[in-house]
Amino acid sequence: MRLRFKGKKNDSRRGASIRLKKFDLPEVSVNYTRIKAAGFVIFFCFVTLIARLWYLQILELEHLKLRSETNRFRQVRLVPPRGKILDRNGRVLAGVRPAFNLCLIKGEAEDLESLFAELSQLLDIPQSSLKIRLIEGKKLPKYVPVVLMRDISWEQLSKVEVRLHRLPGIYIEAAPGRKYPEGRLAAHLIGHLGQITEEDLAKGRYPGAVSGDLVGKYGVEAQYEKILRGVYGSRKIEVDAIGGLNRVVEQDSPKPGSDIYLTIDMDIQRAAEEALEGKVGAAVAIDPRSGQLLALVSSPAFEPEAFVKGLSPEQWKALQDPVLKPLFNRALQGRYAPGSTFKIVTALAGLKERVVSAHTKFKCTSSFKLGCRVFRCWDWRGHGKTDLYKALVESCDVYFYNLGLKLGIKKLAYYSRKCGLGVKTGVDLAHESSGLIPTPEWKIRRFHQKWQGGETLTIAIGQGYTLVTPIQMARLIASVANGGTIYRPQFIDQVVDCSGRVSKAFEKEAQGRLPATSYQLALIKKALLGVVQDKKGTGGRCRIKGLQVAGKTGTAQVIKQSKRRMDEKMAWRYRDHAWFVAYAPAQNPQIAVAVLVEHGGHGGSAAAPIARKIILRWLQIENPRPGLSPLRSAGLNPANMDIVRLTEEEAGV
Amino acid sequence: MFEKNFLENFDWWLLLAVLLIMAIGFINLNSASLAAQYPFQWKQLVWYGVGLIVALASLKFDYRSLCLYAWHIYGAILAMLVLVLVIGKTVGGSQRWIPLGFFNLQPSELAKIGMVVVIGSWLASDDKHEYGFLDMLRPIVLTLVPALLIYKQPDLGTAVLIVMLSCSLLFMAGIKWTSLLILIGFGIPLAPFVWNILKPYQKARIFAFLNPENDPQGSGYHLLQSKIAVGSGGLIGKGYLHGTQAHLNFLPEVHTDFAFSIWAEEWGFLGSLVLILLYALIIQRGLHIAYSSRERFGSLLAFGITAMLFLQIAINIFMVLGMLPVVGIPLPLISYGGSSVIVTMIGIGLLLNIRLRRFLFQ
């Protein structure tokens, strides 16, 4: 102000001072041409400015608008927690745990090469392993996220998180991960997850899934994928430049997957798996009253968690072992000759067809002549005069040769099918085998050969072409145990959705009846009890003090009888398969078991002890505190049992 | 003295353009303030008021008296520029402000108008028809001292602007074409030296300008986001207060250097065009005033002020549109900032002043 004040004084008082007068100059002192030149330059600049604006706002509008939109909104997928898989008592077999995925939105990334270079340096992993997912998802739209790395560690998470603003296109997705707290327990039933394939994506089999996601590939995880997965949600958020969440625009909450309660009892399952440890085989335990599966074991098993983490080449090779086949569910897919366990069917057919009665006897001299061929009984001493009871208890082959001959192959095949052999049980799992019940027509079709009479004899004792699966045998013995009703084996107890509502509850499903009257069944059941309880019974290794166990042994020949002389010295792969089917308690059966040990040798020695352990475990569950709570609930008579010794002593066997 | 011709000689177009730009500035700053989460628009309104008062009140005094105080002004500029390096307030790595309690004075802003006055009056007193190379040495030295002080803050943009202002005044005063060529010839070998004294972030900005997509989250980030903001506005814009780029913090410094991008985003091509045409009107009036002034100092001063306004407008908008590296040059009257508004309004006031007195010398 002072400055201007002075100026004013200058101006008003003295008027134009001497120095100011100097300003009055001729026109020429102002360079008008240069102003014009400057005007042209300025005009040109303004035109450029407007042209640039036009270019950006009109010509480049679409492109930049898209950039702005993606800048602005980010569609974040909300992954629902996968439903749990629990045993019948609510113990978790497959659960969820927090996990984080490293995702990429290609459309938001500026330079993929440098992005991958930075990521690989940051996480110290090769670029190639990051790019695999991207190559798989290359056909996907640019703004569909791709899971680059699944289930990153906390360390990796924190490394990426702090650098997120330098990694455009990268974001972290919270995706509940899968955990299997019981390890490989019931692995074949639970199944495993696996990477979604490109084909799955192309066909949209799993709505909402993106490349790199895990989906059920096997077992319950695959079969009930839809129920377990739930529904993906999404969240549209406005983000600011540093990727920070600004405001949730809209949210479509994910619907968590439903929990599946299996009918499997974890304890029985574990007992069965432990009993089969180190062996190759299968075991199925069924509640004969309903068809509920209590245990479903195939050995060896696999580690379901390994599939979540990603298999190493070594792991993958081990899973592909051609002999052990850990991924093969022997209980459902394994096809084996039933051996002497098939004699139950032959006996039923004989009784039903009235070919034999309880009193019909055949003389066993340890060999049976048909034409010029001699068929041997397993016991070289022979069984002498043998009726049905003795024939089943001691598993006399000659008796059943006679019976088979009288029945003929067609009747045998018919009754086999009626008993549920050679047909799928309808258990709700993929890859079930139907097995094989041979008929003369089948042989002509298959081998273009006529059926031989001698073949009927081998079929009658469960050898030869006949192939059954362990679950079929389990269903058969369960049907025998419950008085003849064939129930579909089921393993879903209930499905409970996220709000606690039971959306699906177990219902037993009768598939038919065994072709026998209750009297005829009672005859067989009496004999089956004898198999275990009698001194001469072949199933004595399954005896449990104080519990009436009924069963039938089976030894399925892998090679022809004539060659199988020195059992112990034979190579493992030529040894017989050992079978044992059983149920208990005999009077009021509540558990039916079928055990198969591949190349285990004799059913009585290899398979029966395994069945025993399973039944024993069941007994302990039914009667957890002996002495305090009598086995009334189980329908057992405690007076017959030495309970205390049973649990202490027998359990350790 | 001039009351009888006041209405006739007053440049109403210039005032109208200024008032309209102020209106736009306030409206735009209202939106930008929401994004910046600080009510800059009200403070700016106060500065507009102060600026208008300063501009109109200064009409009372003859602009020619500034010539008498040119050396005082120059001394004051240097003093403030040294002072700011000593006691200046550092914001974002630059020491540019002298805290005065109620307001932070930015000496580099005052230096812009100050240097126009100083160089203008020097050229006016050193009255020559044509300027040779040696004649320019003094004005060049006069310019380089404050420019280097400003560069030290560091504020490369303003330092360059001051040099450019002096150059345009020299051009206007009548530099010989041969001298101009010699100057350019000297300038080119100096370029690598200048490049070497640039700070890393300044180099990065230039690299980012040359290839903004290369490092979109780093140095090129501001340019890229600004381009996205402007471009996504389209013809009519996203609507007032609906500029997502600005309101989601994708744009940096929406209230100052990048204020134009929020305007372009929200009001589109049409809105931007209106603003640019208003600026063009101011520049046109400025040139016209320089042209119609019948006296050397007035003409030089008007031209210098016009150049000051134009260079800031052009540099800022070219930067916002991604055609120049990021430099801290505000957009006159649109960018928030008391110093900038006051300096601009002093300039406008001087233009009006020169216009009013254009016939005094005939």
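The values are calculated or read from the model by the stated rules, or taken from the named source; none is laboratory data. Note that the structure is a prediction, hence the values are computed from the model and not measured. All Cβ positions, glycine included, derive from the backbone under ideal geometry; neighbour counts span all protein chains shown.
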Report task. From the list B:Leu331, B:Leu324, B:Leu273, B:Leu309, pick out the single residue that is facing chain A (nearest Cβ under 10 Å), among the aliphatic types (A, V, I, L, M) and on the phi < 0 side of the Ramachandran plot. Result -> B:Leu273
Report task. Please specify each residue of the stretch A:38-54 satisfying the condition of being small (Gly, Ala, Ser) and closer than 21 Å to B:Val230 by Cα. Result -> A:Ala51
Query - Residue check for A:Leu228: modelled with pLDDT of 85 or more, touching a strand residue (DSSP E or B) at 6+ places or on another chain (Cβ under 6 Å) and crowded, with 18+ Cβ neighbours inside 10 Å - result: no
**Report entry** Residue list for the stretch A:305-353, restricted to those being of a type in the set (D, E, K, R) and not in a helix (DSSP H, G or I)
**Finding:** A:Asp321, A:Lys325, A:Arg335, A:Glu353
**Report entry** Test result for A:Val297, touching an Asp or Glu at 6+ places or on another chain (Cβ under 6 Å) and either surrounded by 24 or more Cβ atoms within 10 Å (Cβ to Cβ) or at pLDDT 95 or above (or both)
**Finding:** yes
Requested in this report: Please name all residue pairs, on different chains or six or more residues apart, with Cβ atoms under 6 Å, provided the first residue is in the stretch A:155-179 and is assigned by TED's automatic domain parsing to the domain that holds A:Val215 and surrounded by 14 or more Cβ atoms within 10 Å (Cβ to Cβ) and the second residue is of a type outside the set (D, E, K, R) and part of a helix (DSSP H, G or I).
Outcome: A:Gln156/A:Leu123; A:Lys159/A:Leu122; A:Arg178/A:Val308
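Conditions tested, residue by residue: (1) crowded, with 24+ Cβ neighbours inside 10 Å; (2) under 22 Å from B:Ser33 (Cα atoms); (3) in contact (Cβ under 8 Å) with a residue 24 or more places away in the chain.
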position: B:Thr256; (1), (2), (3): no, yes, yes
position: B:Gly268; (1), (2), (3): no, yes, yes
position: B:Gly271; (1), (2), (3): no, yes, yes
position: B:Ala280; (1), (2), (3): no, no, no
position: B:Arg285; (1), (2), (3): yes, no, yes
position: B:Tyr291; (1), (2), (3): no, no, no
position: B:Ile329; (1), (2), (3): yes, yes, yes
position: B:Ile342; (1), (2), (3): no, yes, yes
position: B:Ile346; (1), (2), (3): no, no, yes
Query raised in the report: Looking at the stretch A:159-195, which of the residues that are over 13 Å from the mean Cα position of the chain (by Cα) and in a helix (DSSP H, G or I) is nearest to A:Glu113 (Cα to Cα)?
Result: A:Arg166
Query raised in the report: Of the residues in the stretch A:240-271, how many are assigned to a loop (DSSP other than H, G, I, E, B), modelled with pLDDT of 90 or more and in contact with a helix residue (DSSP H, G or I) (Cβ under 7 Å, 6 or more places away or on another chain)?
Result: 4
**Report entry** Residue under evaluation A:Asn482, criteria (1) of a type outside the set (Asp, Glu); (2) crowded, with 19+ Cβ neighbours inside 10 Å; (3) more than 31 Å from the chain's Cα centre (by Cα), criterion not met
**Finding:** (3)
Query raised in the report: Looking at this structure, is B:Ala23 in a helix (DSSP H, G or I), away from chain A (no Cβ under 13 Å) and among the hydrophobic types (A, V, I, L, M, F, W, C)?
Result: yes
Report task. Sort out which residues of the stretch B:232-259 are more than 13 Å from B:Leu270 (Cβ to Cβ), aliphatic (A, V, I, L, M) and within 12 Å of chain A (Cβ to nearest Cβ), and write them in order of number. Result -> B:Ala246, B:Leu248, B:Leu251, B:Val254
Query raised in the report: within 29 Å of the chain's Cα centre (by Cα), modelled with pLDDT under 90 and part of a helix (DSSP H, G or I): does that describe A:Ile614?
Result: no
Query raised in the report: Within the stretch B:99-118, is even one residue of a type in the set (Phe, Trp, Tyr) and touching a residue at least 60 places away in the same chain (Cβ under 8 Å)?
Result: yes
Query raised in the report: Restricted to the stretch B:200-240, and to residues that are under 22 Å from B:Gly157 (Cα atoms), assigned to a helix (DSSP H, G or I) and of a type in the set (S, T, N, Q), which residue is modelled with the highest pLDDT?
Result: B:Ser226
Report summary line: Across the stretch A:192-211, the tally of residues that are of a type in the set (Lys, Arg) and under 24 Å from A:Lys179 (Cα atoms) stands at 1
Query raised in the report: Within the stretch B:142-158, is even one residue β-branched (Val, Ile, Thr), over 27 Å from B:Val91 (Cβ atoms) and more than 14 Å from chain A (Cβ to nearest Cβ)?
Result: no
Report task. Within the stretch A:310-328, identify whether any single residue is small (Gly, Ala, Ser) and in the same structural domain as A:Arg575 (by TED's automatic domain parsing), and answer yes or no. Result -> no
Query raised in the report: Which ones in the stretch B:279-304 are of a type in the set (Val, Ile, Thr) and either facing another protein chain (nearest Cβ under 8 Å) or in contact with a Cys (Cβ under 8 Å, 6 or more places away or on another chain) (or both)?
Result: B:Ile283
Query raised in the report: Being farther than 26 Å from A:Thr538 by Cα, of a type in the set (A, V, I, L, M) and not in a strand (DSSP E or B), is that true of even one residue in the stretch A:389-409?
Result: yes
Report task. Look at B:Leu66 and say whether it is away from every other protein chain (no Cβ under 13 Å), surrounded by 13 or more Cβ atoms within 10 Å (Cβ to Cβ) and touching a helix residue (DSSP H, G or I) at 6+ places or on another chain (Cβ under 9 Å). Result -> no
Query - Yes/no for A:Lys363 being over 18 Å from A:His431 (Cβ atoms), assigned by TED's automatic domain parsing to the domain that holds A:Val427 and either of a type in the set (Lys, Arg) or crowded, with 18+ Cβ neighbours inside 10 Å (or both) - result: yes
